[in-house]
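The values are calculated or read from the model by the stated rules, or taken from the named source; none is laboratory data. Please read all numbers here as calculations on a predicted model, not as lab measurements. When we count neighbours, we look across all protein chains shown, and the Cβ atoms used for this are built from the backbone with ideal geometry, even at glycine. Calculation scope for accessible area: heavy atoms of the full protein, side chains included, ligands and nucleic acids excluded. Shrake-Rupley method; radii C 1.70, N 1.55, O 1.52, S 1.80 Å.
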Amino acid sequence: MYEITLIPGDGIGPEVSAAARLVLDATGLPFKWQVEQAGEAQIAACGTPLPERTLDAIRATGIALKGPITTPKGSGFRSVNVAIRKELDLYCNLRPAKNYPNIATPFTGVDIVVVRENTEDLYAGIEHMVGEDAAESIKIFTRKGCERILRYAFDYAVQNGRRKVTAVHKANIMKCTDGLFLDIARQMATEYPQLEFEDMIVDALCMKLVQTPQRYDLLVLPNLYGDIVSDLCAGLVGGLGVAPGANIGRDIAVFEAIHGSSLRVAGQNKANPTALILSGVMLLRHIGEPAAADAVEQALIAVFREGKTLTYDLGGSAGTDEFARAVAAELGR
Ligand code: NAD
C-alpha cells in the first residue's frame, strides 16, 4: 500500500488533482490517498493558509501530490507553496520539459531537465521597506545550499543518462552570491569527468534556449533564475499545461505541476491535467514503480497521438475529466 498525501489546492487544483488521482489509480497500484487542505480557505477554519496538520501529514507519508495554491499579489499572506518547500526543506525543484507528439510547438527534439534550487536566493523572503520610498530584498546563497543542489544535479545527470550539465548564473554582476554558486559548480564538475560541463550567464542562456533548445540537456540554477527559466522551458514544449515538477528533500518529496491556480479557467472543467499527471509519473518513478510510470506516460502519448481528446490549451475542447478518463482507458488496454 502506498500512502500519499493529496493536497487538491484551489483554482483549477481540485479539478486537475482529481484527474491525476484517477489516472494513478488506473495503474492498479494500491494507493491510499490522504486528502489534506491548504490555501486561503483554511484561514477561516484554522487561522492559517498552511495548517500544521497538512505539514504533519506530508511528514508522515513522505510523499504528496499537490494541486496549485493561489498567492495574493502584493499584500496578503505569503506563498503557501514556498512555505511548504521551506518548512519541509525540499531543496530541489525538478522540472523536466520535453516534446510530446501532436503538441504543436516551434521546436522538436527538446528534452531538458531543469534543476532549480528551492529554498534560498531572493525567495528567502527577507525584504522590508526602507522608509516610505524604497524597498530592500536580501539575496541569500549559502555554501551548503549551493553544494546540495549542485550535487543533486550532477548525480541526477549520471543516474539518468544525461550527458551535459549547464550551470546558470549571473556571476559577472553578482560576484558574491552567484560567484559562490559558480565556483562550487566548477569545482564539483571535476568530480564528474563523464559529463560535459559548461556555465552560462542567465540572459545569454535565455536567448540560446529560444534559438537552439536542443543543445541543452540538464540546467542547474539558483532559485529565481530557475523559476523563470523553467517556465520558459515549459513554453518550448507546449506550455504550462504539460509541464510537471517535483520538490525533493532528503526524506520527503512533493509532486506538483509548474502552473498556478489559473483562476481564469477554474471551475469550468477546462484545465489540462497533463502537467499534474506527468508529476504523478515522476512520483511513480520516485516510489520505485518505473513500469507504471512508463505505462502512464505511454497512455498520455497515445491520447496525444490520437488527437481527439485534447484540452483547450492544446487546440481541443475536451474537459479535464474527459481527458483523464481517456488516459485511464488507454492504461486499461
Ligand atoms: P498560472 O499558471 O495559473 O496561469 C498562467 C497561464 O497559463 C494562464 O493563461 C492559464 O490559464 C494557463 N494555464 C496554467 N495552467 C494550465 C492548465 N493546467 N491548463 C490550461 N491552461 C493552463 O499562473 P498565474 O496566473 O501567474 O498564477 C495564478 C495563481 O497561482 C497566483 O496566485 C500564483 O501565485 C499561483 N501559483 C501557484 C503555484 C503553485 O501552487 N505551485 C505556481 C505558480 C503560481
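Considering only region 301-333, state which residues are open to solvent by less than 20 Å² (accessible area, probe 1.4 Å), free of Cβ contacts under 8 Å to residues at least 24 places away in the same chain and not in a loop (DSSP other than H, G, I, E, B).
Answer for region 301-333, where residues must be open to solvent by less than 20 Å² (accessible area, probe 1.4 Å), free of Cβ contacts under 8 Å to residues at least 24 places away in the same chain and not in a loop (DSSP other than H, G, I, E, B): there is none.
Restricting attention to region 28-60, report how many residues are in a loop (DSSP other than H, G, I, E, B) and among the small types (Gly, Ala, Ser). Spell out how you get there, then give the answer.
We begin by selecting, within region 28-60, every residue in a loop (DSSP other than H, G, I, E, B); these are 28-30, 36-40, 47-51.
Those still in the list that are among the small types (Gly, Ala, Ser) too: 28, 38-39, 47.
Looking only at that region, the number is 4.
For region 288-300, give me each residue that is more than 16 Å from the ligand (Cβ to nearest atom) and open to solvent by less than 30 Å² (accessible area, probe 1.4 Å). Before you say what the answer is, go through the steps one by one.
Here is the first cut: in region 288-300, the residues more than 16 Å from the ligand (Cβ to nearest atom) are 288-299.
The answer is Ala292, Ala293, Val296, Glu297, Ala299.
Determine whether region 251-264 contains at least one residue that is free of Cβ contacts under 8 Å to residues at least 40 places away in the same chain, outside any loop (DSSP other than H, G, I, E, B) and open to solvent by 10 Å² or more (accessible area, probe 1.4 Å). Lay out the reasoning, then the answer.
In the first step, residues of region 251-264 are kept if they are free of Cβ contacts under 8 Å to residues at least 40 places away in the same chain; the result is 264.
Narrowing the set further to residues that are outside any loop (DSSP other than H, G, I, E, B) leaves 264.
If we keep only those that are open to solvent by 10 Å² or more (accessible area, probe 1.4 Å) as well, we get 264.
Yes: region 251-264 contains one or more residues that are free of Cβ contacts under 8 Å to residues at least 40 places away in the same chain, outside any loop (DSSP other than H, G, I, E, B) and open to solvent by 10 Å² or more (accessible area, probe 1.4 Å).
Does Ser279 satisfy being under 28 Å from Gly315 (Cβ atoms), outside the structural domain of Ser317 (by TED's automatic domain parsing), within 16 Å of the ligand (Cβ to nearest atom) and buried (at least 22 other Cβ atoms within 10 Å of the Cβ)?
Working: under 28 Å from Gly315 (Cβ atoms): yes; outside the structural domain of Ser317 (by TED's automatic domain parsing): no; within 16 Å of the ligand (Cβ to nearest atom): yes; buried (at least 22 other Cβ atoms within 10 Å of the Cβ): yes.
Answer is no for this residue.
With the structure loaded, tell me whether Val210 is touching a residue at least 60 places away in the same chain (Cβ under 8 Å) and more than 9 Å from the ligand (Cβ to nearest atom) or whether it fails that test.
Values: touching a residue at least 60 places away in the same chain (Cβ under 8 Å): no; more than 9 Å from the ligand (Cβ to nearest atom): yes.
Answer is no for this residue.
Of everything in region 47-100, what is within 12 Å of the ligand (Cβ to nearest atom), crowded, with 17+ Cβ neighbours inside 10 Å and among the basic types (Lys, Arg)? Give them in sequence order.
Result: Lys66, Arg85, Arg95.
Taking the residues in region 1-24 that are more than 16 Å from the ligand (Cβ to nearest atom) and under 17 Å from Met282 (Cβ atoms) as candidates, determine which candidate is most open to solvent (accessible area, probe 1.4 Å). Full working, then the answer.
Of the residues in region 1-24, the ones more than 16 Å from the ligand (Cβ to nearest atom) are 1-4, 24.
Subsequent filtering for residues that are under 17 Å from Met282 (Cβ atoms) retains 2, 4, 24.
Working: Tyr2: 63, Ile4: 1, Leu24: 2 Å².
Out of the qualifying residues, it is Tyr2.
Please work out if Ala157 is in contact (Cβ under 8 Å) with a residue 40 or more places away in the chain, open to solvent by less than 40 Å² (accessible area, probe 1.4 Å) and in a helix (DSSP H, G or I).
Values: in contact (Cβ under 8 Å) with a residue 40 or more places away in the chain: yes; open to solvent by less than 40 Å² (accessible area, probe 1.4 Å): yes; in a helix (DSSP H, G or I): yes.
When the stated conditions are applied, Ala157 passes them.
Given the criteria touching a helix residue (DSSP H, G or I) at 6+ places or on another chain (Cβ under 6 Å), open to solvent by 40 Å² or more (accessible area, probe 1.4 Å), at pLDDT 95 or above and not aliphatic (A, V, I, L, M), does Asn247 qualify? It would help to see each step written out before you state the result.
On the way: touching a helix residue (DSSP H, G or I) at 6+ places or on another chain (Cβ under 6 Å): yes; open to solvent by 40 Å² or more (accessible area, probe 1.4 Å): no; at pLDDT 95 or above: yes; not aliphatic (A, V, I, L, M): yes.
Spelling it out, it is not the case that Asn247 is touching a helix residue (DSSP H, G or I) at 6+ places or on another chain (Cβ under 6 Å), open to solvent by 40 Å² or more (accessible area, probe 1.4 Å), at pLDDT 95 or above and not aliphatic (A, V, I, L, M).
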